[in-house]
Amino acid sequence: PPQYSVFVLQQHAEDYQRSMAFRFFAILAFAALAAALKFDKEKPETAIEKVLRVLRTLRGESQAEGVQEQADFKKFFKFCDVTENEKMYRIAQSDKKIKRLTAEAEDLKSKLETLTTDVADLSDEIDKTEGKIKKTEDERAKEVAKYDAAAAEIDNSISTLERAIQTLLTSQENLEGSVGLSQLKQDAGDLLDKAEKSSLLQMSESQVQALISLQNKPGAAPGYTFKSGDIIATLKGLLTTFKSNKQTLDITESQNKMTYDTLMTNLKSQLKFTKEAHEEKSVEKDEKTATKADTDKDNEDEKADMAADKAFLKALQKDCDDKDKLSKRRKAKREEEIQLLTEAIQRTEKIPGSRPTKGAFVQSAPAALSFLQMGNSNDIQESTADMLMSQSKKLGSQTLSLAAAAVQAVSSADPFVQIRKVFKTLVAKLNAQAENDKSNKEWCDQQILINTGKRDAAQIKIEELHGLLAKQGSSKDKYLAEIADLEFEINKSTVELQEATEFREEEHKKNLIAIDANGKAAAAVKNSLDFYDDTGSFLQTGEDPVDIDARDKHGKNLQDYAPKVATTEYAGSKNSGGVIGILQKVWSDFTRAVAEITANEKEAADDYADYKKQTDEDIKRMGDSAAAKDALVKGLSSSIGKLVDEEEDEQEKLGLAKDELEKLHGMCIVPAMSYEEKRAKRQQEIDGLKEASDYLEDLIQEKKAEE
């Protein structure tokens, strides 16, 4: 033992250096012999009796040691059989596990190849869908630009036409009149030029001729006489056509917009689902990649374990075979020793004065994670005006009331012409209003549909964005928590590694000191043994213990499992070698201590190296994982910022759509009279004006008849 070696070095270093070890050990040997050979005070022994007692004691101890040794070897050989079968079974199990893990790794490899192809295909589909979205947006932008240009052109033409009609109406003082043509010629020319370029401004032959007649008349200075009714009617007809074309253009644009919105919604939904599928496949791929890595590691570990078990089995078989041979040799030598002792006893007993004696020698050994206003003359005027006023009150019509006031206000050489004109104008106005109400209703329906669609689309998008924000926010929080855990584990592992390193360095120093001390002590004792090399005896010095250090998958060697048996050649009974036996025992203790401390140092160094390697790998893995998660957090933060901006844009669109619907509600839904009620009342007003016109004609005919 180490403490014994240190004691020997401290107490007897100088003696060993001076080759005086013999004196020290000789004293120990003689003391032991003296204890064994003490006299029995009551029955004094003769010299022969003392010799016989020592010889019989040595023979008895040798025989008892032999029985115990054979029992120990028997136990050891049983251990050999059981351990060999166990190791062979474990090697067979490892072989099966390796085949299973290899098959699983191949299956995972095949699935990973399929997932890699799926992820690549989904990436291509995402690129194609994003390309379609970009192409559709570009085509829509061109379509809108084309619509804006056409709408501006037709709106400008409608404005020009309305200005021409207003100029004719304003300048007219009677049925026929004189009009300046400078502006009219320019407007007529502009309309003709535009009609040649746009399909939306196409005109009938009569409309074209009317504009040409305005354009070809003499200039504004001399003027010209014309019948305004025909030209105005033609221009109004053309105005109606242009407005109808404008309405058709607007409806077409609205339909195109709805088609575009539907297509974009479908494409974006498709893109969303494809991205989700891509993410799911990517996650699955990452999981299987990790699983395969674990499977490969388990496979490699199992291969290493099987290799260790095989090496251990070889060491076991060799050691067991060696021990079997050793057992036989030791038994033979022991038998030889006993035979020699027996012969010595027999011969001594023949010497006179000998008698049987009994003795004993005992030795113990140490163990160690939304207006038209209009006019009053003679009786006919009054009568007509009254009739209109009566109808106005009956129907509650402001238009008939205005017509009565207009009839009363007529003052000219021929009032009846003016009155007829009033009636015609009012009827035309009512008809125009009827047409306008119809257009307004259609426009309202269309705008409500469009803005409802915008509102719903914005609301759906906002809900989708809220979902994405919640999901990405949750992922970000999860990654942050995981990063914190990883940083904690990294710090913990770093501290533990530092502590282990300090402990290992201290342990290493102590082991070196102990190895050096025991080595020097063994050398000193060996010098003493060499001194007696020529003493001559069948007793031999012990051999170095067999060093079998093959370790199984648990890191243990034969010495950790096997029962203790003799490891050296037989060198005689414990006491039979006298001084040499004692020296051999001490030398064997020192030599075994050097071997055990050296083995423990190697095991501790290997364990520390494995621990340091694993800890460094864990710290690097956790650092890489934390860095990867930090990159994901930064990506999520950027994505969340974009989603928030997108959500604000959608909220703005939603607000605009709701404001527009609120306006449309005030313009199209809230008014007290429906479109059908307005149309019925307007028809009654038209019928009232026609009735007043017929009444006026009847009065005129009656007056002519009286004249």
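Observations on the model:
- The accessible-area ordering, largest first, of the residues 79, 590 stands as 79, 590, per a 1.4 angstrom probe.
- Accessible heavy-atom area order of 647, 284, highest first, probe of 1.4 Å: 284, 647
- Accessible surface of residue 114 - all protein chains present, 1.4 Å probe, nearest 10 Å²: 70
- In Å², nearest 10: area of residue 321 left accessible to a 1.4 Å probe: 70
- Largest first, the residues 309, 589 sort by 1.4 Å accessible area into 589, 309.
- Computed with a 1.4 Å probe over protein heavy atoms only, the accessible surface of the range 121-163 comes to 60 Å² per residue.
- Measuring between alpha carbons in the structure, the pairs from 257/653; 75/325; 194/454 lying more than 24 angstrom apart are 194/454.
- Over 26 Å between alpha carbons, listed pairs 236/424; 128/658; 78/303: 128/658; 78/303
The values are calculated or read from the model by the stated rules, or taken from the named source; none is laboratory data. Just so you know, these numbers come straight off a predicted model, no measurement behind them. Just so you know, the surface numbers come from the protein's heavy atoms only, side chains and all, with ligands and any DNA or RNA stripped out. Shrake-Rupley method; radii C 1.70, N 1.55, O 1.52, S 1.80 Å.
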